[in-house]
1. Stretched out fully, how many nm does the piece from F220 to D160 gain, at 0.36 nm a residue minus the Cα gap?
2. Loop-only check: which chymotrypsin sites (Phe, Trp or Tyr not before Pro) in the range 148-239 are DSSP coil with at most 11 other Cβ within 10 angstrom?
3. Let me check I've understood the local charge: for T171, count other residues with C-beta under 12 angstrom from its C-beta, Lys and Arg +1, Asp and Glu -1. What total comes out?
4. Could you work out how far the C-alpha centroid of the range 102-123 sits from that of the range 68-93, in angstrom?
5. Quick check: residue separation of N210 and R146 times 0.36 nm, minus the Cα distance between them. What number comes out in nm?
6. What list of ³J(HN,Hα) couplings, whole Hz, do you get for the range 73-87 from phi and the Karplus terms 6.51, -1.76, 1.60, once you set θ to phi - 60° and write x for glycine and proline?
7. What list of ³J(HN,Hα) values in whole Hz, one per residue of the range 100-113 in order, does the Karplus curve 6.51 cos²θ - 1.76 cosθ + 1.60 (θ = phi - 60°) give from phi, with Gly and Pro shown as x?
8. Could you work out the per residue convex hull volume over the alpha carbons of the range 143-228, in cubic angstrom?
Amino acid sequence: MSQSPGAPRHEACNSGPPHPARKIECERLCEIRGVPFLSSMCEIFDKVEKFQAKADDILIATYPKAGTTWMIEIVDSIRQGGITKEIKTIPSHERAPYLEMNSQEMIPAGLDLLEAMPSPRLVKTHLPFQLVPQSFWDKGCKDPTREVERLAHFLGHTLDEGMIQEIVKHTSFNMMKDNPMTNASILPTSILDLSISPFMRKGQVGDWKNYFTVAQDERFEEEYRRRMAGTSLRFRTEL
């Protein structure tokens, strides 16, 4: 395993008195090549690294809370030819298993779900590119309609206008926020307590302005410039 026995571990929860609604016990963190993970993920990372991708796997690799569930729903809707009735009855974590997630209560490990899944498989991951299993390498949406068409073409599917509009409607933020198969409301509170914060909040890029003070914004900008110096990457904070 990449995690060495003597590597530092940290509490995943903040110090101080617990939130009155919090039911989730703190899980310790560990590091793999400098990247922090929940310790339960580190326990299976050897297996994650050895995961064998298939030529027809579809990997959805994102930063957490960057539209992952939205992309899963769009891609799966395209694969179903715009017919969304069936996917409204199957939780997204079963349709696109979370590769590096270990088993939690009623939810099997992502690796186990993927092992039992027929091809072509949807695979979800939040791994940074340098930690994505080697087998995958071997083998900002403003216009939803255009992006659905582009994704359908990339996936080799031909959809008529009615199918495309059904997918756009089905994958709109408000529809997904009300859909138990995507809004995480079917998960037990021991895994995700929605009374603390909803899985899907507002779906608005730039909402940070309603929470950051001017001083916090200035501190972020200073730190961002320091860390990103010498790169061509630009972080979009509003549309």
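1. Between F220 and D160, full extension yields an extra 17.1 nm.
2. Answer in residue order: Y211, F235.
3. My count for the surroundings of T171 gives -1.
4. The distance from the Cα centre of the range 102-123 to that of the range 68-93 comes to 16 Å.
5. Full-extension gain reported as 20.0 nm.
6. Residue by residue, the range 73-87 yields 5, 5, 4, 5, 5, 4, 5, 8, x, x, 8, 9, 4, 5, 6 Hz.
7. Each residue's phi maps through the Karplus curve to give 8, 7, 7, 5, 9, 6, 7, 9, x, 4, x, 4, 5, 5 Hz.
8. 181 Å³
Since every read-out is calculated from the coordinates, none of them should be taken as a lab result. All values reported here derive from a predicted model rather than from experimental measurement. Virtual Cβ from ideal backbone geometry, glycine too; neighbours counted across all protein chains shown.
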